[in-house]
1. Please find, within the range 147-158, the residue that is surrounded by the most Cβ atoms within 10 Å (Cβ to Cβ) out of those that are part of a loop (DSSP other than H, G, I, E, B) and touching a residue at least 12 places away in the same chain (Cβ under 8 Å).
2. Scanning for something crowded, with 18+ Cβ neighbours inside 10 Å, touching a helix residue (DSSP H, G or I) at 6+ places or on another chain (Cβ under 8 Å) and in a helix (DSSP H, G or I), does the range 199-208 turn up at least one residue?
3. Restricting attention to the range 1-37, and to residues there that are within 11 Å of Asn59 (Cβ to Cβ) and without any contact (Cβ under 8 Å) to a residue 40 or more places away in the chain, which single residue is surrounded by the fewest Cβ atoms within 10 Å (Cβ to Cβ)?
4. Quick one: is Pro162 closer than 25 Å to Leu84 by Cβ, of a type outside the set (Lys, Arg), in a loop (DSSP other than H, G, I, E, B) and free of Cβ contacts under 8 Å to residues at least 60 places away in the same chain?
5. Tally the residues that are crowded, with 20+ Cβ neighbours inside 10 Å, out of contact with any His (no Cβ under 7 Å at 6 or more places or on another chain) and closer than 25 Å to Leu183 by Cα, restricting the search to the range 109-141.
6. Looking at the range 34-42, can you tell me whether even one residue there is at pLDDT 95 or above, more than 22 Å from Ala202 (Cα to Cα) and out of contact with any Leu (no Cβ under 8 Å at 6 or more places or on another chain)?
7. Could you go through the range 210-223 and let me know if any residue there is in contact (Cβ under 8 Å) with a residue 40 or more places away in the chain and of a type in the set (Lys, Arg).
8. Counting just the residues of the range 174-198 that are out of contact with any helix residue (DSSP H, G or I) (no Cβ under 9 Å at 6 or more places or on another chain), aliphatic (A, V, I, L, M) and outside any loop (DSSP other than H, G, I, E, B), which one comes out farthest from Arg145 (Cα to Cα)?
Amino acid sequence: MDVHKYEPKVEKIKNLLNLKWPPIAGKFTNDQNKKGDSLKKIAICEAIDFVRRKNSVLNISKVNCTCAGGRHFTGLQILRIESLAPGLARQRHKVFDTTKTAVTSANRQPQPVNRGDFFILGPLTEFESEPDIILFFTNAAQADRLLGLISYRGAEPFVYYPASSICSTITNVLATGKPQINLISHFERQAGKWSPNEFITAMPLKDFEELVRNVPHSGYGKLEMSS
């Protein structure tokens, strides 16, 4: 059996941190993945959970992505913030007190750009070409160790965006080129199967490669620490 290029690295990190779920990855492209499902109607946050549980590949486009926010934040269909903001000020979500506040807050965050017609989402071990973003499912201790490994050769602070959806993390990571911890919003936890202690720790490929490289050297990576 052929070993995919990322499989040894995934096993190394999964075993080191005792991860329940291996990481998944996303890649923007103008071509569908031949192994991927292009027909399933699904939101981005649901797709991320589906892929990790089913170990499958999805081809997500503006046609089969059911969430306007997901289409926007992935750049598959960029919408006017003014058209998205009212939903954040209405009774069901009520994240902001007014639509104006929602628009102001959203405009301060990184904005999506179109990177392709499809967002291929699947297990990292299934990728033969380089993905754009990698997502780990972690608790606080595991997230700390991932970021510590990335930072071994130096790092800059990164900003946490409050009231962030899972899909907005895709925009933030790709726009800033930095990792981000997504706390998984109250509403996404209500709708999904996320553990109360679970975060999403997302990063660009370069940071994944960096943390794997630093495992033998960083105190965040060593299995046994000398006294």
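The values are calculated or read from the model by the stated rules, or taken from the named source; none is laboratory data. For clarity, every value in this text was computed on a predicted model and none was experimentally measured. Virtual Cβ from ideal backbone geometry, glycine too; neighbours counted across all protein chains shown.
1. The extreme case among them is Phe158.
2. Yes; the residues of the range 199-208 include at least one that is crowded, with 18+ Cβ neighbours inside 10 Å, touching a helix residue (DSSP H, G or I) at 6+ places or on another chain (Cβ under 8 Å) and in a helix (DSSP H, G or I).
3. Lys34
4. yes
5. The total comes to 13.
6. Looking through the range 34-42, at least one residue is at pLDDT 95 or above, more than 22 Å from Ala202 (Cα to Cα) and out of contact with any Leu (no Cβ under 8 Å at 6 or more places or on another chain).
7. no
8. My answer is Ala175.
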